[in-house]
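Here is the structure we will look at, set down as structure tokens.
Quick note: the coordinates plus some simple rules give every number you see, no bench work behind them. The shown structure was predicted, so the numbers you read here are calculated from the model rather than taken from an experiment. All Cβ positions, glycine included, derive from the backbone under ideal geometry; neighbour counts span all protein chains shown.
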Amino acid sequence: MKRSYALETLSWEHHNGLVLVFRLEQGMQFDASVEEIKRYLLHVWQTALLIHIDLEEKYLMVPEYLRDLKDYLQQMQGDHQIFAEMMKKLNKMKSEQEIRNLIQQFSEKLKTHIRFEERELFPAFEKMLTRVEAKQLGEKLHEVHKPIDLSWPNEFWKRKNGSEQ
Ligand SMILES: [Fe+2]
Ligand SMILES: [Fe+2]
């Protein structure tokens with residue numbers, strides 16, 4: 001389903017989130033340095049994911065929407081808190097195996113979270129918003145949207161000796 005104007009910038013950012021998931025999974029599969037994948041994830045968390053989460057909470061968790069979509073919005077916020085706790089833990093982690101497990105968990109959880117927002121939360125939102133609300137919300141979100149930069153000097157998610165890249 002095509003995303004409405006109101007929520008499309010958030011959906012673009014979800015696409016970036018899925019690119020991140022793909023890179024984490026490829027990196028692990030190609031035996032990239034776990035320490036480097038960790039640094040990359042923490043970097044994207046700080047420069048992109050946190051901003052996206054703040055936008056969702058600032059613009060979607062408002063009283064007029066909470067009235068109708070409380071359960072969905074609480075689930076969204078609960079997931080965001082879990083992500084924040086995971087990143088706090090990751091920051092302090094030293095053991096390679098623990099880091100690997102956490103990155104794996106994070107990547108699964110991020111995929112599920114994006115699926116939930118795209119397939120449940122956003123369609124419910126689009127049904128609920130009046131035409132005027134949708135226009136206003138879309139304008140605000142477009143105004144604050146900044147393209148996300150996922151670049152990293154070493155593209156560890158690419159196979160080193162394969163012919164595909
Ligand atoms: Fe979210
Ligand atoms: Fe999101």
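For the chain, a simple Cβ point-charge model (Lys and Arg +1, Asp and Glu -1, everything else neutral) yields a dipole of about 180 debye relative to the Cα centre. Counting only DSSP H runs of at least 4 residues, each contributing -39500 (n - 2.57), and dividing by the residue count of the chain, the helix-based mean residue ellipticity at 222 nm comes to -23500 deg cm²/dmol.
Considering only His145, His14, His80, the mean-square fluctuation computed in a Gaussian network model of the chain, springs between alpha carbons under 10 angstrom, is largest for His145.
Kirkwood analysis of region 8-144, using all unique Cα-Cα pairs, places the hydrodynamic radius at 16.0 Å. For region 103-165 versus region 1-74, the inter-centroid distance based on Cα atoms is 5 Å. Candidates Gln105, Leu137, Tyr65 compared by Cα position along the dipole of the chain: farthest toward the positive end lies Gln105, with charges placed on Cβ. Here's the picture: charge each Lys and Arg Cβ at +1 and each Asp and Glu Cβ at -1 in region 15-116, and of Ile53, Met87, Val21 the one pushed furthest to the positive end of that dipole is Met87.
Fewest neighbouring Cβ atoms within 10 Å first, the residues Ile114, Ile51 line up as Ile51, Ile114. My understanding is that a pair violates if its Cα-Cα distance is over 19 Å; which of Lys89/Lys160; Lys38/Lys92; Lys58/Lys146; Lys94/Lys160; Lys58/Lys111; Lys58/Lys92 do that in this structure? Distance filter (> 19 Å) returns Lys89/Lys160; Lys94/Lys160; Lys58/Lys111; Lys58/Lys92. Note on the chain: with a GNM built from Cα contacts shorter than 10 Å, the maximum mean-square fluctuation among Asn154, Asn16, Asn91 falls on Asn154. Taking other Cβ atoms within 10 Å as a rough exposure proxy, Tyr59, Tyr40 sort from fewest to most as Tyr59, Tyr40. Extension gain for Ser151-Tyr5 works out to 49.9 nm (0.36 nm per residue, less the C-alpha to C-alpha distance).
Taking 0.36 nm per residue of separation and subtracting the current Cα-Cα distance, fully stretching the chain between Gln136 and Ile51 would add 28.6 nm.
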